[in-house]
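**Student:** Below: one structure in structure tokens.
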Amino acid sequence: MLSFLQKLISSKNNTVISSKQDAVTANSDDLIQEKPIPNCKNAFHILIITDTHCHMRKEQIEDFLSDIEDKIDIVFILGDMSERDMFVAKEIAKKYKALIYGILGNHDYDGQLEKMDIPNFEGKMIEFNGVTFTGMHGSFKYKNSDAPMLTNEESIELAKILPTCDIFLTHDKARTNNEENSHSGLEGITQYILDKKPEYHIHGHLHENMNENIGGISSLGFCRYAYIEVSKNGLKIKKIF
């Protein structure tokens, strides 16, 4: 039976695999896609945390990281996390002496990251070891709410002014069909990928580990935790939840 990572690597079209409750460790050669990141000066490691929805436990994330031998350089929060979840994420970043940045999901509230003293990189560009990251918050606006949600038209306008980057990080996925519901994705994310051509796109929101091909760009969705090596050769997904 193919592992989740092997399925991602071998897929040529859109692939969605239901998320597992057990962590999956990749083999050293399990490179998600050998698309180079030319600007990368030295390899580094990022930890993605997303969609924990009040269920993040310090013991759980520490167990997930227990067999990781390399360091964590940056922790990226991609939204839908309670204040307590964010506090645990900050503790992990502190333990590993990692930088931490976040964007909000559709179950968060404006000012939440600032309240937790976590830098919000919505609409901003971050650079680390030559690699640039840009964040975009929220999901498709499927209901009236003060939470960060956007219409497709609003997301398109926002995408036009976002900085160009190597790795595009969002809460929602790219829109790839004509549906309009809570998990249909945002047109602005699709347009950003097609127009500004980041090397990779990473998102949460769908509670699935998934890989979509958007105009030749790998759009990778994760649920809970993903530990990733970033290098000049591309992204290596070393462990997922």
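**Student:** Once amide H atoms are placed 1.01 Å from N in the peptide plane, what residues at a sequence separation of 5 or more from SER139, or on another chain, have their amide H within under 5 Å of its amide H?
**Tutor:** Here ASN106, MET149, LEU150 satisfy the definition.
**Student:** So for the pair LYS58, LYS143, with labels modelled 7 Å out along Cα→Cβ, what separation do we get in nm?
**Tutor:** 3.3
**Student:** Could you give the dipole magnitude of the stretch 154-241 about its Cα centre, charging the beta-carbon of Lys and Arg +1 and that of Asp and Glu -1, in debye to the nearest 20?
**Tutor:** 500
**Student:** So for the stretch 43-98, taking the charge dipole from beta-carbon charges (+1 Lys/Arg, -1 Asp/Glu), which of THR52, MET86, LEU65 sits furthest toward the positive end?
**Tutor:** MET86
**Student:** Something else about it: If you take percent of Cα pairs over 30 Å apart from the coordinates, which of (1) 43; (2) 32; (3) 17 do you get?
**Tutor:** Evaluating percent of Cα pairs over 30 Å apart on these atoms matches (3).
**Student:** What spacing in nm lies between the two simple spin-label points modelled at GLU83 and THR164, each 7 Å away from Cα in the Cβ direction?
**Tutor:** 4.1
**Student:** Could you tell me which GluC sites (Glu not before Pro) in the stretch 120-168 are loop residues by DSSP with no more than 10 other beta carbons within 10 angstrom of their beta carbon?
**Tutor:** none
**Student:** Across the stretch 229-241, in residue order, what do the Karplus-derived ³J(HN,Hα) couplings come to in whole Hz, using 6.51 cos²θ - 1.76 cosθ + 1.60 with θ = phi - 60° and x for Gly and Pro?
**Tutor:** Running phi through 6.51 cos²θ - 1.76 cosθ + 1.60 with θ = phi - 60° gives 9, 10, 9, 4, 7, x, 9, 10, 7, 8, 6, 10, 8 Hz.
**Student:** Determine the gain in length on full extension of the stretch LYS232-ASN39; use 0.36 nm per residue of separation and subtract their C-alpha separation, reporting nm with one decimal.
**Tutor:** 68.8 nm
**Student:** Counting other Cβ atoms within 10 Å of each Cβ, which GluC sites (Glu not before Pro) in the stretch 62-99 have at most 15 and sit in a DSSP loop?
**Tutor:** GLU69
**Student:** Any lysines with Cα under 21 Å of the LYS197 Cα? List them, leaving off those in the same chain fewer than 8 positions away.
**Tutor:** LYS12, LYS35, LYS41, LYS124, LYS160, LYS173, LYS232, LYS236
**Student:** So, one more: If I build a Gaussian network model for the chain, linking alpha-carbon pairs within less than 10 angstrom, which residue out of ALA93, ALA159, ALA43 has the largest mean-square fluctuation?
**Tutor:** ALA43
**Student:** Any idea what the dipole of the stretch 79-187 comes to, in debye rounded to 20, about its Cα centre with Lys/Arg Cβ at +1 and Asp/Glu Cβ at -1?
**Tutor:** 440
Only the coordinates and a few stated rules stand behind these numbers; no lab work does. Remember, predicted model here, so these are calculated numbers, not experimental data. Note that we place each Cβ from the backbone using ideal geometry, even for glycine, and neighbour counts take in every protein chain shown.
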